[in-house]
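One structure below.
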Amino acid sequence: MELTLETARAWYDDDPTHGFGHIQRVYRLAEDIARAEGADLEIVRAAALLHDAHDAAALDAAGRAGHHHASAEFAGRILRSSGWAADRIAAVQHCIRAHRFRDDSIAPQTLEARCLFDADKLDAIGAIGVARAIAYAATHGNPIYHPPSETFLRTGRHTADEPHSAWHEYWFKLRHLPQRLFTPRGRALARERARAMDAYFQSLAQEWKGS
């Protein structure tokens, strides 16, 4: 099996946050970063195409919090069936396991893993990041904006009746992403995208107050 975007289409749905559109964008970003940094393009491309792919049974067992492990196992099966060497399969699997923001136990150890990590996080900021945050809030019954509590602003913890709005996601996670990136190319792209994202969420809060 030749790994292409067309091939990968069958592994994803049209979910607005982690569906095929996300894969297309991450694939292109990862290629851009890999070329700029001199990474192994074959490893990076395969990891980008497979980083959120999985079968239903594996995801049910792992849960969303473990989707990177389920995707790594799925990638192993796909790549073995395509005749990939074991060491290169392991390299792709490391990229996938290390791309998750909330799992600090697996840091990206290779240049290829850092390219995927940066590409995946870049898709969570900028204009696209704003759209994804709003889409996620809407599909999970959360508001776009809700006044944050002092507790949340200080600690990142919600009060009992406080929803996790798109603005909360920005404050808790998205605004910190540019500082988490590894590659010079990724950080340069992040600076541009962060300006658009920051401006939107600052305007959102002001407009909600009637300013």
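The values are calculated or read from the model by the stated rules, or taken from the named source; none is laboratory data. The shown structure was predicted, so the numbers you read here are calculated from the model rather than taken from an experiment. Note: ideal-geometry Cβ built from the backbone for every residue, glycine included; neighbour counts use all protein chains shown.
A few comments on the model shown:
- Sole exception among (1) under 28 Å from E42 (Cα atoms); (2) not in a helix (DSSP H, G or I) for R193, by number: (2)
- Number of residues in region 3-16 that are crowded, with 17+ Cβ neighbours inside 10 Å and assigned to a loop (DSSP other than H, G, I, E, B) equals 2.
- Qualifying residue in region 115-128 (condition: free of Cβ contacts under 8 Å to residues at least 12 places away in the same chain and not charged (D, E, K, R)): no
- Residue check for H67: closer than 15 Å to D120 by Cβ, at pLDDT below 95, part of a helix (DSSP H, G or I) and of a type outside the set (F, W, Y): yes
- Answer from E169, E192 - the residue that is touching a residue at least 24 places away in the same chain (Cβ under 8 Å) and crowded, with 17+ Cβ neighbours inside 10 Å: E169
- Taking each residue of region 36-48 that is on the phi > 0 side of the Ramachandran plot and looking for partners that are of a type outside the set (D, E, K, R) with beta-carbon atoms closer than 8 Å, six or more apart or interchain, yields G38/L111.
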